[in-house]
Structures are given as structure tokens and as C-alpha cells.
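In what follows, a single structure is set out as C-alpha cells and then discussed.
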Amino acid sequence: MSVVTEVSPDQKKLTIAVKGRFDFGRHQEFRESYERLPHKPESIVVDLKEATYLDSSALGMLLLLRDHAGGDNSDIRVVNSSSDVKKILAISNFDKLFDIS
Amino acid sequence: MQAQEPLTILIAEDSAADRLLLSTIVRRQGHQVLTAANGAEAVECFQQQQPDLVLMDALMPVMDGFEAARQIKALAGEALVPIIFLTSLTESEALARCLEAGGDDFLAKPYNQVILAAKIKAMDRLRRLQATVLQQRDLIAKHHDYLLNEQRVAKAVFDKVAHSGCLSAPNIRYLQSPYALFNGDLLLAAYTPAGDMHVMLGDFTGHGLPAAVGAMPLAEVFYGMTAKGYGLAETLREMNAKLKRILPVDMFCCATLLSLSFQSRSVEVWNGGMPDGYLHRMASGERVPLPARHLPLGILSAQAFDDRTDVYPMAVDDRVFLLSDGVIDTCDANDQLFGVERLQQVFSANREPDRLFEDIEQALRDFRGQARDDVSMVEVSLLESAQAHGAAPVYSDSGQSCPLDWSASFEFRGATLRRFNPLPFLLQLLLEVHGLRAQSGALYSVLAELYSNGLEHGVLGLDSSLKRDAAGFARYYEMRAARLEALQDGFVRVHLQVQPQGEGGRLVIRVEDSGKGFDVARVMERPVDNVRLSGRGIGLVRQLGRNASWSDQGRSASVEFFWEIEA
Amino acid sequence: MTDPHVNREVLDTLREVMEDGYTELLETFLADSQSRLHELQDSTSAKALSDVAHSFKGSASNMGAVRLAELCQDLESNAKDKSPEALAQLVADIHSEFAEVRPVYESEKHHAHIH
């Protein structure tokens with residue numbers, strides 16, 4: 001499984017870890033990781049520690065996640081990005097939409 | 001268990017008793033039976049009757065079962081006609097021969113009905129499975145052809161839309177790969193009524209049809225608004241709003257937009273999500289990077305959208321170079337990226353600026369081992385104003401009824417000045433007068449100059465002498481943005497008056513502002529200076545219009561245009 | 001006691017499967033067998049003997065003539081190795097075995113007619 005989810009005991013925080021290539025092939029799995037939760041989490045963490053590559057479809061998936069989590073009212077952090085991934089996020093200025101570290 | 005569907009079964013067996021026995025067994029199981037006494041008869045019967053399944057004795061006179069099986073399999077082609085060998089051969093070598101000849105199974109003598117029925121059923125299932133596979137394959141192939149055709153149509157429509165611009169202008173050089181559309185790359189260029197040039201290099205998410213579908217409305221907005229005289233900011237706002245509205249949430253368009261002004265010798269830049277562009281200053285050899293400061297188009301709502309641009313001075317022959325991410329992302333055999341550093345190396349090594357594209361393509365080829373087919377690059381240079389000119393807009397009305405004797409006055413106040421650009425509207429209004437259409441470029445330039453002078457020097461109190469060097473240039477535009485944002489009071493008035501005169505007519509334009517004015521006499525005395533970045537506005541107005549004059553201590557400007565009706 | 005020459009169960013199954021065609025089957029078998037015996041007599045090469053034996057073996061086993069089938073198997077496998085005398089003996093054995101079982105099939109024919 002290249003998309004692994006973890007929900008905090010109080011159901012308020014959802015962590016989605018993406019491993020390997022974060023591209024169009026992950027589309028289904030990524031959506032399922034947040035769409036069918038019994039309780040909507042208050043905050044979401046996308047952990048890219050083991051993500052090796054990010055392309056524009058991954059950016060699109062992040063946008064879908066943000067839209068699902070409330071758009072401007074969402075609380076989404078993208079953490080553990082490698083320098084390559086950070087560069088891609090920086091060029092697309094996604095740090096204006098997500099908290100990136 | 002499903003009942004076995006009746007099949008037509010060919011029994012090839014040379015022993016009459018065995019043939020009779022088997023036929024009876026098979027008929028009792030509900031099937032229709034054909035018989036043959038040797039291999040040759042079996043092949044002929046197969047050709048004529050097309051049975052669904054064959055029970056084949058291995059050793060027969062004339063032609064044995066192995067040869068008959070080979071021929072029948074060849075005749076069957078793609079369809080599966082199961083062949084069950086009837087044999088009392090026990091050696092494994094003989095059994096292997098059955099399979100090699102194309103046999104699918106074998107039945108030992110003495111015949112066991114139960115086993116025979118089971119084998120027929122199993123073979124029939126395989127037969128039907130193969131038929132389904134072939135059917136679905138044909139269906140998929142047909143759909144695939146449809147899709148390819150749809151893409152071809154989309155591409156043809158898109159070409160018409162995307163290439164109605166001025167990419168062939170003398171100051172533009174571009175390279176767009178054959179698969180650019182199919183990679184979502186978009187390259188547009190168009191003249192404004194004032195003779196400025198808007199250029200856009202875009203990169204849609206996705207490929208093929210989804211990208212093309214998003215690109216078309218975008219191109220329409222770009223061309224429509226540019227032709228009407230809207231600036232970059234307004235065009236960007238409209239493009240962003242449109243994409244946000246029509247595209248799904250996960251689709252967006254990275255883009256770099258440029259507005260080159262030959263008259264004011266500057267370039268305005270907006271980069272949302274694209275790789276760095278580069279402004280190459282010929283005199284110093286410096287390459288100024290133009291990085292992405294914005295999110296791509298189609299993501300932010302209208303309220304959140306940031307239309308702030310950066311403005312840089314340009315000298316004649318300076319160039320702006322833009323490229324799609326296909327260049328940076330090129331990989332070699334070890335999955336190493338070409339990257340920005342290598343691109344910088346190509347820049348440094350480049351001796352002939354006109355060969356930049358070739359140098360980059362060569363570097364990519366050397367790196368990757370082969371050429372890439374999905375790279376877009378564009379280079380726009382600043383030429384002398386005389387060389388750049390726009391195409392006249394096309395009108396579709398007959399010109400029978402046009403307003404020839406009228407006047408209109410407008411006052412734009414405070415907060416409106418911040419957001420609203422009245423120029424496209426005013427120009428459209430004036431172009432209702434047919435006699436003025438041939439001068440639309442000059443009209444727009446003069447209107448724009450008077451309006452921006454009134455707004456920037458008058459209402460905002462900016463000093464254009466700041467624009468004498470690059471640093472000052474940047475500072476000027478920063479201050480402009482800041483003061484505009486804070487603006488509460490002030491106005492710019494525009495008066496238009498059209499009257500018939502002789503065989504043609506006369507237009508008087510008067511623009512007033514609420515500012516402090518300036519020393520008109522002193523400015524008029526200065527010689528017209530083409531090298532200096534500032535202060536050319538007044539010269540332009542005097543050049544393009546007639547009877548230009550300033551009054552009320554510089555707060556009011558007036559200029560006239562005339563036309564004659566051609567016989 | 002099981003009959004070593006003809007497997008009665010096979011005959012029962014054949015009777016049941018063939019129904020009205022049973023008689024025709026028996027007649028066909030008997031006629032086929034006659035011609036096979038002639039072929040065995042006329043065969044000169046080991047290969048020819050082997051092929052005929054193979055065919056005969058097939059229908060013999062289908063008809064439940066187990067001992068006959070065994071003899072034919074023997075001839076089929078070993079035709080090329082045996083001496084002409086041994087071959088002639090085997091062919092003779094096949095002849096007599098057929099003569100042995102023939103009345104059984106004739107009797108079956110007769111009974112079938114009656115029913």
C-alpha cells in the first residue's frame with residue numbers, strides 16, 4: 001500500500017502518508033483515505049517523508065483534499081518534504097495554501 | 001450447474017464401431033454430430049460445417065489426427081475450436097504429440113461417458129471465453145479509434161483558437177513541440193490596441209483532451225480582452241475566474257504572462273507556478289530571473305486572487321525567455337534531472353544570443369541521449385516601436401448608422417480608480433464612430449497615456465523621474481501599488497466630444513485630474529529623449545494626436561483627432 | 001466369477017447407452033473385427049501390424065473384450081522386436097481369442113432383437 005492512513009484516538013487528526021511516487025496512479029487510494037471516514041477530522045497532516053516524486057496530478061489531489069476539508073477553512077499541513085518535493089511545492093506557490101515543512 | 005448448450009461436434013475416427021459408439025454417446029448428451037472416417041474428411045467437414053468442437057482419433061489413414069488438427073487450427077484462426085484427441089496411446093511422448101499438434105485435451109479408450117461430458121463442458125467454456133475476449137478486443141479497438149478521432153477534432157478546433165494570435169510577429173521566437181497540445185502547453189501572443197504585446201506561456205494539468213478543453217476558453221479570454229485594450233491584471237483576473245468556475249477542483253493552469261510595451265520600454269510579468277523565466281539584458285549580459293510568485297490560474301477564488309505584477313525596464317534588443325517545465329524535468333538514463341543549474345550553464349556558455357534555442361536543445365539531447373518532444377520555449381525581444389505594429393481589428397457591422405454628433409463625460413472617483421480600468425470601455429465607445437477606427441491604435445495609446453498620467457502623476461502624486469534606472473523602476477511600481485491601495489479621494493475625468501466637420505469629423509478628448517499639476521512650460525522645453533525611460537508620454541500625445549495642450553496648471557489635458565470619409 | 005474375456009458391465013453400459021442402436025453397434029464391431037483379422041494376415045511389415053493392432057485394440061476395449069485388447073496391445077508394442085514366428089503366433093492368438101468372444105456378441109445381438 002503506498003497510501004497509509006492513521007487517525008488519532010480522539011478522531012480529530014488524520015495523518016495520510018504517501019510512499020514512493022505521488023502521481024496519478026495514487027488517485028483512487030488517496031481519495032479513499034479521507035472520503036469515507038465516519039468523523040470528519042479537524043486537522044489533516046500529509047506526510048511525504050517517503051514520497052520520492054510529486055507531479056501536477058499530486059498537486060491536484062492536494063487541492064481536492066483541501067476542498068473536501070473545507071477549502072479556506074481547512075487545516076492541512078504537508079510535512080517531511082524532501083528538498084526536491086519542497087522545490088516543486090515552492091514553484092507552484094502551494095505554500096500559500098498549505099502549511100509546508 | 002448450468003445445462004450444457006447443444007453444440008455441433010465433429011467426430012473423426014476410423015474405426016466404424018468406435019465411431020458409432022461415440023456418436024451415440026455424444027448425441028445422447030444433446031449435441032449435433034458430424035462424422036469423418038479419416039483426417040482429410042475431417043478437415044473438409046470442418047471447412048464446410050464449422051463445428052464448435054472436434055473429437056479426433058490420433059491414428060487414422062489418409063491423414064492422421066495430428067496433421068488434421070494442425071490444419072483445422074489454422075483454418076479456425078483467432079477463434080478457439082477445441083480438439084479432444086481420442087487415443088489409447090499410453091506413452092507420454094505420444095501424448096505430447098497431441099498437445100504439440102494443437103490438441104487441447106485427450107480422451108482415453110475405452111470411452112467413459114461421464115468423463116467425456118465433463119471434458120466437452122470444460123472445453124466449451126474455454127471456447128466461449130475466447131469468443132468473449134475477441135469481441136471485447138474488437139470493441140476496445142473501435143472505441144480507441146473514436147477517441148483518437150475526437151482528439152484530432154479537438155486539436156483542429158484548438159489550433160484555430162490558439163493560433164489566431166501574433167506568434168509570427170518579428171520579435172517573437174518560439175519552439176513548440178509537436179506534442180505540446182497533448183502535454184497541456186499553451187502559447188499565445190496578441191497585440192493590444194496601443195501596439196503593446198501580451199504573451200502567455202501556459203501549462204495545464206493533464207494531457208490530451210482535458211488540457212485542450214481547458215485551454216480553449218482561456219485562449220478566448222486572452223485574445224478578446226487583449227484586443228479590447230485590457231491590461232494584464234484584468235485579463236488575469238478574468239482568466240482565473242473562468243478557470244475556477246469551469247474546471248474541476250484538481251485542474252489548474254500554470255502560466256507566465258508578459259506585457260511588453262515598446263512605447264514605455266518595459267515588460268510587465270506575472271508568473272503563477274511556471275519555472276523561472278529570464279530577462280536577458282544585452283548591454284550587461286545579465287539574466288534577471290522571473291520567478292513564480294503566484295499560484296497557478298484556476299485555484300483561488302476571485303477575492304483571493306493576486307493580480308500583482310512585476311515591472312522591469314527593457315532596452316531595445318533585450319529579450320525575455322520563457323520555458324515550460326519539460327526542459328528542467330528532462331531525465332537521463334539514471335533518472336537524474338537536467339535541472340536549473342545545467343540550464344544556467346547553457347546560458348553562460350551561449351555566445352550567440354540568436355542560437356540560444358539550439359544550444360538548449362543540443363544540451364538536452366546530449367544529456368538525455370535523444371531529443372524531447374514535449375518542450376515549449378519562447379523568446380520575446382523588444383524592438384523599436386516602428387517595427388512593431390498591430391493588425392487592425394475586424395468589424396462586422398455595415399457602418400450605415402454611426403453616432404457623429406455627441407459628447408459624453410465620465411468621472412472616476414476614489415475607490416473606483418483602484419479597481420476599474422475604463423480604457424477598454426472608452427475605446428469601444430469611440431470605435432462606434434467608423435471614421436475613427438483606422439486610428440484605434442493611436443487613440444488608445446493617447447487615451448491610455450493621458451489617463452495613466454492623470455492617475456499616477458496627478459491623483460497618486462508619483463514622480464516619473466524615479467523611473468530612470470532599474471531600481472527606481474521597481475520602486476516606482478511598488479509605490480504605485482501601495483498608494484493605489486490606500487486611495488480614498490481624488491478623481492480623473494474624461495470628456496469626449498465628437499462633431500461632424502466637412503466630409504469627416506473631429507474628436508476632442510479632455511482628461512482632468514484632481515492632482516497638484518506640473519510646470520507645463522518646463523516639461524515642454526525638454527528635448528524628446530528616446531533613451532531615458534521616463535517623460536516620453538507628453539511627446540507621444542503630441543505626436544499621435546493634434547493640437548495637444550495642457551491647462552489648469554497641467555491638471556487638464558486636451559487633444560484632438562480628425563478623420564476624412566474616404567470616397 | 002468375472003469373465004476374463006468379456007467385461008459384462010461394459011456390455012450393460014453399452015446396451016443402456018446405445019438403446020435401439022445396440023444391435024447395429026454389435027454388427028459393426030463384428031464386421032470391423034473380421035476385416036481387421038484379414039488385415040493382420042495380409043500385413044507384411046512390423047509397422048503395418050502395429051497400426052492394425054492399435055486400431056483393433058481400441059474397439060476391442062470399447063466393447064469390453066479385455067483379453068483381446070491385451071493381446072492387441074502386446075502386438076502393437078512389440079511388433080518390431082518379435083521374430084516372424086513369434087508374430088505369427090501372436091496373430092493366431094488374436095484370431096482364437098476373437099473366436100472365443102464372438103458368440104458372446106452374437107448372443108447379445110440375438111437377445112437385443114427379442115426385447
* Asked: Taking the stretch B:278-299, which residues are within 20 Å of A:Lys96 (Cβ to Cβ) and crowded, with 21+ Cβ neighbours inside 10 Å?
  -> B:Leu290, B:Ala292, B:His294, B:Leu295, B:Pro296, B:Leu297, B:Gly298, B:Ile299
* To do: Within the stretch A:60-73, identify whether any single residue is more than 25 Å from B:Phe204 (Cα to Cα) and within 14 Å of chain B (Cβ to nearest Cβ), and answer yes or no.
  => yes
* Asked: Among the listed residues B:Ala486, B:Ala481, which satisfies the condition of being under 37 Å from the mean Cα position of the chain (by Cα) and farther than 22 Å from B:Ser551 by Cβ?
  -> B:Ala481
* To do: Quick one: B:Ala408 ticks every box in (1) at pLDDT below 90; (2) closer than 27 Å to B:Gln543 by Cβ except a single one, so which number is it?
  => (1)
* Asked: For the stretch B:274-387, which strands (runs of 3 or more DSSP E) that fit wholly inside it have 2 or more residues that are among the aliphatic types (A, V, I, L, M)?
  -> B:287-290, B:319-323, B:376-381
* To do: Of the conditions (1) farther than 23 Å from B:Ala557 by Cα; (2) not in a helix (DSSP H, G or I), B:Gly472 clears all except one; give me its number.
  => (2)
* Asked: In the stretch B:293-350, what residues are within 11 Å of chain A (Cβ to nearest Cβ) and either within 30 Å of B:Asp469 (Cβ to Cβ) or in contact with a His (Cβ under 8 Å, 6 or more places away or on another chain) (or both)?
  -> B:Arg293, B:His294, B:Asp306, B:Val340
* Structure fact -> Within the stretch B:258-273, restricting to residues that are among the small types (Gly, Ala, Ser), more than 14 Å from chain A (Cβ to nearest Cβ) and assigned to a strand (DSSP E or B), the one that is farthest from the chain's Cα centre (by Cα) is B:Ser266
* To do: Would you point out which residue out of B:Asp325, B:Asp318, B:Asp335, B:Asp329 is acidic (Asp, Glu), modelled with pLDDT under 85 and surrounded by 17 or more Cβ atoms within 10 Å (Cβ to Cβ)?
  => B:Asp325
* Would you pick out the residues in the stretch A:74-101 that are more than 11 Å from every other protein chain (Cβ to nearest Cβ), of a type in the set (Asp, Glu) and either touching a helix residue (DSSP H, G or I) at 6+ places or on another chain (Cβ under 7 Å) or within 18 Å of A:Ser33 (Cα to Cα) (or both)? -> A:Asp75
* The listed residue being surrounded by 16 or more Cβ atoms within 10 Å (Cβ to Cβ), in a helix (DSSP H, G or I) and either modelled with pLDDT under 90 or away from chain B (no Cβ under 14 Å) (or both), out of C:Leu30, C:Leu49 -> C:Leu49
* Structure fact -> Checked the stretch B:421-463 for anything in contact with a His (Cβ under 9 Å, 6 or more places away or on another chain) and not in a loop (DSSP other than H, G, I, E, B); matches are B:Gly441
* To do: Would you please list the contacts, defined by Cβ atoms under 7 Å and residues six or more apart or on different chains, that run from a residue in the stretch B:128-141 that is in a helix (DSSP H, G or I) to a residue that is among the acidic types (Asp, Glu)?
  => B:Leu134/B:Glu78
* To do: Output the number of residues of the stretch B:188-232 satisfying the condition of being surrounded by fewer than 19 Cβ atoms within 10 Å (Cβ to Cβ) and closer than 19 Å to A:Ser92 by Cα.
  => 1
* Asked: Hey, which of the strands (runs of 3 or more DSSP E) in the stretch B:1-81, taking only ones fully inside, have at least 2 residues that are touching a residue at least 40 places away in the same chain (Cβ under 8 Å), away from chain C (no Cβ under 14 Å) and more than 20 Å from C:Asp32 (Cβ to Cβ)?
  -> B:8-12, B:53-57
* Identify all residues within the stretch B:48-64 that are in contact with a Ser or Thr (Cβ under 8 Å, 6 or more places away or on another chain) and within 22 Å of C:Phe56 (Cβ to Cβ); write none if there are none. => B:Asp57, B:Ala58, B:Leu59
* Asked: Give me the pairs: first residue in the stretch B:222-235 and touching a residue at least 24 places away in the same chain (Cβ under 8 Å) and in a loop (DSSP other than H, G, I, E, B), second residue surrounded by 23 or more Cβ atoms within 10 Å (Cβ to Cβ) and of a type in the set (Val, Ile, Thr), beta-carbon distance under 9 Å, and six or more apart or on different chains, which are they?
  -> B:Gly229/B:Thr192; B:Tyr230/B:Thr192; B:Gly231/B:Thr192
* Say whether the condition of being within 14 Å of chain B (Cβ to nearest Cβ), surrounded by 20 or more Cβ atoms within 10 Å (Cβ to Cβ) and touching a Leu at 6+ places or on another chain (Cβ under 9 Å) is met by at least one residue in the stretch A:23-38. => yes
* Select, from B:Lys121, B:Lys73, B:Lys142, the only residue that is outside the structural domain of B:Gln48 (by TED's automatic domain parsing), more than 25 Å from C:Cys72 (Cβ to Cβ) and among the basic types (Lys, Arg). => B:Lys142
* Asked: Are there any pairs with C-beta distances below 7 angstrom linking a residue in the stretch B:409-420 that is part of a strand (DSSP E or B) to a residue that is of a type in the set (D, E, K, R), with the two at least 6 apart or on different chains, and if so which?
  -> B:Ser409/B:Arg493; B:Phe410/B:Arg493; B:Glu411/B:Arg493
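The values are calculated or read from the model by the stated rules, or taken from the named source; none is laboratory data. Bear in mind the structure is a predicted one, so any value in this text is a computation, not a measurement. Cβ: placed from backbone, ideal geometry, glycine included. Neighbour counts: every protein chain shown.
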